[in-house]
Amino acid sequence: MGYSNFHRHSHGGGGGGGAMAGLLVLLLPIFFPILFATFSHASPSMLSGWNPIKPRHSRLLKSALQRETSLEQKSELWNPLANQGWKPFIDIGSAQNLPEKSEGYIQVFLDGGLNQQRMGVCDAVAVAKILNATLVIPYLELNPVWQDSSSFMDIFDVDHFINVLKDDVRIVKELPDEFAWSTREFYATAIRPNRVKTAPVHASANWYLENVLPVLQSYGLAAISPFSHRLAFNNMPMEIQRLRCKVNFQALVFVPHIRSLGDALVNRLRNPPSTSEEVGGNYIRQVTDARNKPGAGKFVALHLRFDKDMAAHSACDFGGGKAEKLALAKYRQIIWGGRLVNSQFTDEELRSQGRCPLTPEEIGLLLAALGFDNSTRLYLASHKVYGGEARLATLRNLFPLMEHKRSLASSEERAPIKGKASLLAALDYYVSMHSDIFVSASPGNMHNAMVGHRTYNNMKIIRPNMQLLGPLFLNKNLSWSEFQEAVIEGHKGRKGQIRLRVGEKSIYTYPAPDCMCQA
């Protein structure tokens, strides 16, 4: 669907009949979504034999469609966060010179999705600093789920990365010729003495000094694989902690074409065309930076995180009937051998504990209860939604001004990133960082990365209270006013307020106090 198609609205006449007809038009695609669904985002095999995806909270939904939001509510929702007395740490002292000689080269091999790889890059720089080693630009493994072979240089601005960190650690784009044999294929064929496979999860700095430094000194090169989550968050020198944040929040920026397309999407969200400006289904227009204009539009970036993996792993029931339950059970068996702690609990038990991911319908009801009205612009920052448009029908009815990459950009603009999950995720990350508010339906790597980055910049987020919402959605007798009151009360203090890192929590999700100072 093109950009302009989402902005065409018809207006009926007044009177009771017109109102009833309008309500009927709104409710038809909700109660019979299969009839109205566009299945371009869901495989036919996934949906064949399913029961129609009906609203699970039709009583709340009916009231939510008729909701009204006061000006005071809107103002409070959209106001940016007040100064919380914290700011990013910036080293204003003179940069220390690097030691004259490096101990050797460090190679790391990173798996997972974009956000997991991002954390791995930060840790790799820190390990290179600990060992006084030269870091080779990290190798990103082929993603087995998305089959994405994008390299570090395809995703991140490598020259910016090296320049920002030039006073902290030596970084090279590739190994010198004498080490050209050190490839991913080389380590796949046999045990290699320069490969480190034994790095424990959350290893200390001393572990690297005792176990990896000797390899460097013997061979001039140490290849660490696997590497994800291989550096502790506690008992680290402060300079290492701050270096990790410098990498994450300053050195890692996306390649120019991602930033350029991201800026275009943000401007289209903030400055939608009027009806008279629309031209066809793939309307694309030249946009200028309008962020400083009075009355510039605002938007919410919403990460649904409702893909097949999440649905299956949760072991919850999402209303797709017996066929869906069997399909998800089979998927669990194939991927995880059926070994899931959640699978021994009933759906009601899981929901009462807040352990089920929020469906698009439920996140829509949450946003409506918080005061977002149907004029709110939503940007869907998600790769795929399990169940496709049929699953999104209720959310779209609550928030008709809902956009995504495909609706905002032409196929020509999206051609360089088509089929590349990491670049698609990078675009979503960029747009989400430029949104007025970020909401994630369920915890995960994108949630954690975005919460940390926006906390660092004192930007607004909404963290759904899963323990509250699970029981609320189980209560089928709850009135809209009761639901709304509970939601508003239960989300005070969950909109981006500083939370200090404790225990083994990630520095990338909780940058204070390690990488921030009290003003």
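Return the residue satisfying two criteria in turn: it lies in the range 196-214 and is in contact (Cβ under 8 Å) with a residue 24 or more places away in the chain and not in a loop (DSSP other than H, G, I, E, B), and of such residues it is most open to solvent (accessible area, probe 1.4 Å). Break it down stepwise before answering.
Keep residues of the range 196-214 that are in contact (Cβ under 8 Å) with a residue 24 or more places away in the chain, which gives 196-197, 199-205, 208-209, 212-213.
Pick out the ones that are also not in a loop (DSSP other than H, G, I, E, B) and you get 196, 205, 208-209, 213.
Numbers: V196: 11, A205: 17, Y208: 0, L209: 70, L213: 34 Å².
Among them, the one singled out is L209.
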> Is one or more of the residues making up the range 315-323 outside any loop (DSSP other than H, G, I, E, B), at positive phi and at pLDDT 50 or above?
Replying inline: yes
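Please state which one of F161, F179 is at pLDDT 95 or above and under 21 Å from M119 (Cβ atoms).
Residue meeting the stated conditions: F161.
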> List pairs: first in the range 223-239 and closer than 10 Å to A199 by Cα, second of a type in the set (S, T, Y), Cβ under 7 Å, 6+ apart or cross-chain?
Replying inline: S225/Y187
> Which one of V451, V431, V439 is aliphatic (A, V, I, L, M), within 11 Å of the chain's Cα centre (by Cα) and under 17 Å from N79 (Cα atoms)?
Replying inline: V439
> Could we say that H229 is open to solvent by 10 Å² or more (accessible area, probe 1.4 Å) and at pLDDT below 95 here?
Replying inline: yes
> Where in the range 356-471 are the helices (runs of 4 or more DSSP H), entirely inside, with at least 3 residues that are closer than 26 Å to L61 by Cβ?
Replying inline: 360-370, 388-398
> Does at least one position in the range 245-259 carry a residue that is touching a residue at least 12 places away in the same chain (Cβ under 8 Å), within 30 Å of V212 (Cβ to Cβ) and charged (D, E, K, R)?
Replying inline: yes
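Every residue, every condition in (1) modelled with pLDDT under 65; (2) out of contact with any strand residue (DSSP E or B) (no Cβ under 8 Å at 6 or more places or on another chain); (3) within 26 Å of L367 (Cβ to Cβ), yes or no:
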{"position": "R285", "(1), (2), (3)": "yes, yes, no"}
{"position": "V300", "(1), (2), (3)": "no, no, yes"}
{"position": "H303", "(1), (2), (3)": "no, no, yes"}
{"position": "A312", "(1), (2), (3)": "no, yes, yes"}
{"position": "K325", "(1), (2), (3)": "no, yes, no"}
{"position": "R332", "(1), (2), (3)": "no, yes, no"}
{"position": "Q344", "(1), (2), (3)": "no, yes, no"}
{"position": "R355", "(1), (2), (3)": "no, yes, yes"}
> What are the residues in the range 442-498 that are open to solvent by 30 Å² or more (accessible area, probe 1.4 Å), in contact with a strand residue (DSSP E or B) (Cβ under 7 Å, 6 or more places away or on another chain) and among the aliphatic types (A, V, I, L, M), if any?
Replying inline: I498
> Would you say L408 is over 11 Å from the mean Cα position of the chain (by Cα) and open to solvent by 10 Å² or more (accessible area, probe 1.4 Å)?
Replying inline: no
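The values are calculated or read from the model by the stated rules, or taken from the named source; none is laboratory data. Quick caveat: nothing in here was measured; it's all calculated off a predicted structure. Quick reminder, even Gly has a Cβ in these numbers, built from the backbone with ideal geometry, and neighbours come from all protein chains shown. The protein model used for the area step is the full one, side chains on, heavy atoms only, and it has no ligands, DNA or RNA in it. Shrake-Rupley method; radii C 1.70, N 1.55, O 1.52, S 1.80 Å.
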